[in-house]
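Engineer: Okay, here's the structure, questions in a sec.
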Amino acid sequence: MDTTPGARHSLADCLAEWSLSHAEDAALTFVDHRGSPDGLAVTLSWSALHRRVSATAAWLQRVARAGQRAVLLAPQGLDYVVAFLATLRARVVAVPLAVEDVLDNREYLAEVFADCTPNWVLTTGPLLTEMRDFLDEQRLTDTVQTIAVDAVPEALAADCRPVHVHPEDIAYLRYTVDALGAPAGVVISHGNLVAGGLRAVEACGAVPGRTVSVTWQPLSRDLGLIMAVVAPLTARLRVVLLDPGAVLEQPRRWLQVLSATQGAITAAPDFALAYCASRVSEQDRVWMRLGQVAALVNGGEPIRPDTVRAALDVFGECGLLPQALRACYGSPESAGPVSITAAGAPPRQLTVDRELLAAGKAVPRTGSDHRSTTLVSSGVPVRGELLVVDPDLRWPLSDDLVGEIWVSGATVARGHWGRDAAEQDVFGAKLDDPVLGTESWLRTGDLGFRHEGELYVIGRQEDLLTVNGRHLDPREVELTARAAHSALRPDGLVAVSVPTPRGDAVTVFAERSQHVSPKDLDLGAITEAVRCAVTARFGVAVDQVLVLEPGRIPFTSAGRVARSVCRQRYLDGTL
């Protein structure tokens, strides 16, 4: 399979090529459950998608200048994809955001606008009034204009001017949050996107014209954008897109599409896979046919052994081949996968000594008890551009030694918007090595180790819990706390260490399950259950257990729990 980009310097170049060579082939299908419980499928061919993108790009060329920022705030669907690709075609810098933030997180949205100073908001007709109200509230109506992508006449496509895109030109800003909770826009270039798409295609073993990418991840998140736009455009893969809310409401909607699709690849974060597996009924297992799924990727750490087991058991009963299940590691500062499970076998698992791991060394153990912990491998490095480094000595570490994960290559971003000079040591780190020292590396901030050629990720350097001189993996503490009481939301729990008069102590923030009403919460019982469970397993006391309303725990753009942000907001009194 030849997926060499050649003269294709951007996703817009790829789209133009496919619109000529495979004009009437299906490119993008959106299955909309918002107006139809059974789902209404709308499909665009490569030529139809190209016309819509060209028309919107022509509109942007009339009113915008190259390099200006355009915020994307539209519902999941065809219009969001068209808006993103149109900004790339017009050399306008896209800023993909979640439309839900307009209702649920206006303060964060206002901070993003202040950081990237956009000139345009690309949305849809039904949301125009709401967007204009937000801009008026923020006193931005004089500087930020709105465009309804679904109202742009296709006839404008003929007016779209060809533009030369250099691989180093900025394609979009991927917003996440920094350690203090402030928005930080990762600068992703057109070259990053093409390289990231090729890596994703290679990692999943996708075949142009045959593989179908099925995704329900939000287009405002890394995983959704890679699966719905970036990888498919680089290698001419058909896409079937679903709405996240519709799938979370009824996971069978995702599984129905997979059962009906030959050669599908799909991906979801760990908690989402676990949730979907838990919702599969005995009746579902009768009709589900997952034997034709080429790759089911667990695309967000932490990857839990229980999730791997559930996926193999539940989906395996429905025909999923063990080797189709893959685990993947990526960084918000990289446009493609960093590592993924090698083809031919499910993700490997490794049981190690917990205390020695906390001290920086992975020592395998047989059996499972309170002195051990089991980790899931994130696979082998994609194209080998990965090191595990002692962050203080800046020296590559040998196998089984825990260090910071450093990556390099064409997918690595150049920095955060407006912060390039201040972050040279993050995006341009150098090794203290006479042979490797000249190359620039991205310091991911993630800790891990390599064992027999595979990468095991154990968490964020800044997230480690330090109590009485001991280092604890927050993910293990969170798993224990989560299982302690059924009133807690599975994907909404964070353990951090906070200062107290007696030194640093563990504090647990847990969201109330949406299935439990506030009046039915027994806060005393929850606190006691969490404290007892954590102390029994780890031998440390829990200072506080704070139960929050759903949606209060912050996440990064990659879908990771933002523990350091949660800790800072608690200390600031803004959580």
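Engineer: Which ones in the range 484-517 are polar (S, T, N, Q) and part of a strand (DSSP E or B)?
Structural biologist: Correct list: SER497, THR500, THR507.
Engineer: Same structure again: Of everything in the range 280-297, what is crowded, with 18+ Cβ neighbours inside 10 Å and of a type in the set (Gly, Ala, Ser)? Give them in sequence order.
Structural biologist: Within the range 280-297, ALA294, ALA295 meet the criteria.
Engineer: Another question about this same structure. More than 17 Å from GLU476 (Cβ to Cβ), exposed (fewer than 15 other Cβ atoms within 10 Å of the Cβ) and within 27 Å of the chain's Cα centre (by Cα) - does that describe any residue in the range 345-364?
Structural biologist: Yes: the range 345-364 contains one or more residues that are more than 17 Å from GLU476 (Cβ to Cβ), exposed (fewer than 15 other Cβ atoms within 10 Å of the Cβ) and within 27 Å of the chain's Cα centre (by Cα).
Engineer: Taking the options GLY524, GLY469, GLY573, name whichever one is at pLDDT 85 or above and over 21 Å from the mean Cα position of the chain (by Cα).
Structural biologist: GLY524
Engineer: Another one. Output the strands (runs of 3 or more DSSP E) that fall wholly within the range 350-409 and possess 2 or more residues being among the hydroxyl-bearing types (Ser, Thr, Tyr) and not assigned by TED's automatic domain parsing to the domain that holds LEU472, or say none.
Structural biologist: 372-376
Engineer: Counting just the residues of the range 3-31 that are within 27 Å of the chain's Cα centre (by Cα) and in a loop (DSSP other than H, G, I, E, B), which one comes out modelled with the lowest pLDDT?
Structural biologist: Among them, the one singled out is PRO5.
Engineer: Of all residues in the range 527-564 being among the β-branched types (Val, Ile, Thr) and modelled with pLDDT under 85, which is nearest to ARG304 (Cα to Cα)?
Structural biologist: VAL561
Engineer: Continuing with this model, one more query. Any chance the range 522-539 includes a residue that's of a type in the set (Lys, Arg), touching a residue at least 24 places away in the same chain (Cβ under 8 Å), under 21 Å from ASP270 (Cβ atoms) and touching a Lys or Arg at 6+ places or on another chain (Cβ under 9 Å)?
Structural biologist: Scanning the range 522-539, I find no residue that is of a type in the set (Lys, Arg), touching a residue at least 24 places away in the same chain (Cβ under 8 Å), under 21 Å from ASP270 (Cβ atoms) and touching a Lys or Arg at 6+ places or on another chain (Cβ under 9 Å), so the answer is no.
Engineer: Somewhere in the range 234-249, is a residue more than 20 Å from LEU44 (Cα to Cα) and among the basic types (Lys, Arg)?
Structural biologist: Within the range 234-249 (the criterion being more than 20 Å from LEU44 (Cα to Cα) and among the basic types (Lys, Arg)), the answer is no, since none of the residues qualifies.
Engineer: Given the conditions (1) at pLDDT 90 or above; (2) out of contact with any helix residue (DSSP H, G or I) (no Cβ under 9 Å at 6 or more places or on another chain); (3) closer than 27 Å to LEU357 by Cβ, and given that ASP433 satisfies all but one, which numbered condition is not satisfied?
Structural biologist: (1)
Engineer: Looking at VAL63, is it in the same structural domain as THR146 (by TED's automatic domain parsing), under 20 Å from ALA155 (Cα atoms), surrounded by fewer than 18 Cβ atoms within 10 Å (Cβ to Cβ) and in contact (Cβ under 8 Å) with a residue 40 or more places away in the chain?
Structural biologist: yes
Engineer: Let me ask you something else. Residues to consider are VAL214, VAL207, VAL194, VAL201; find the one that is among the aliphatic types (A, V, I, L, M) and surrounded by fewer than 23 Cβ atoms within 10 Å (Cβ to Cβ).
Structural biologist: Among VAL214, VAL207, VAL194, VAL201, only VAL207 is among the aliphatic types (A, V, I, L, M) and surrounded by fewer than 23 Cβ atoms within 10 Å (Cβ to Cβ).
Engineer: Right, something else. How many of the residues making up the range 220-239 are touching a Phe, Trp or Tyr at 6+ places or on another chain (Cβ under 8 Å) and among the β-branched types (Val, Ile, Thr)?
Structural biologist: Number satisfying all stated conditions: 1.
Engineer: Restricting to the range 74-92, name every residue that is surrounded by fewer than 24 Cβ atoms within 10 Å (Cβ to Cβ) and touching a strand residue (DSSP E or B) at 6+ places or on another chain (Cβ under 8 Å).
Structural biologist: Passing the criteria: GLY77, LEU78.
Engineer: Go through (1) under 21 Å from LEU78 (Cβ atoms); (2) modelled with pLDDT of 95 or more; (3) surrounded by fewer than 19 Cβ atoms within 10 Å (Cβ to Cβ) and name the single condition GLU249 misses.
Structural biologist: Checking GLU249 against (1) under 21 Å from LEU78 (Cβ atoms); (2) modelled with pLDDT of 95 or more; (3) surrounded by fewer than 19 Cβ atoms within 10 Å (Cβ to Cβ), the one that fails is (2).
Engineer: Can you name the residue in the range 472-513 that is touching a strand residue (DSSP E or B) at 6+ places or on another chain (Cβ under 7 Å), polar (S, T, N, Q) and within 23 Å of ASP446 (Cβ to Cβ) and, of all such residues, is modelled with the highest pLDDT?
Structural biologist: That would be THR507.
Engineer: Residues GLY415, GLY403, GLY409, GLY453: which one is closer than 22 Å to ARG348 by Cβ and buried (at least 20 other Cβ atoms within 10 Å of the Cβ)?
Structural biologist: Just one listed residue meets the conditions, GLY403.
Engineer: Note down all Cβ pairs under 7 Å where the first residue falls in the range 91-112 and is of a type in the set (Phe, Trp, Tyr), the second is in a strand (DSSP E or B), and they're at least six residues apart or on different chains.
Structural biologist: Qualifying pairs under 7 Å: TYR108/PRO183.
The values are calculated or read from the model by the stated rules, or taken from the named source; none is laboratory data. Just so we're clear, the structure is a prediction, and the values are computed from it rather than from any experiment. Every residue, glycine as well, gets a Cβ built from its backbone with ideal geometry; the counts of neighbours run over all protein chains shown.
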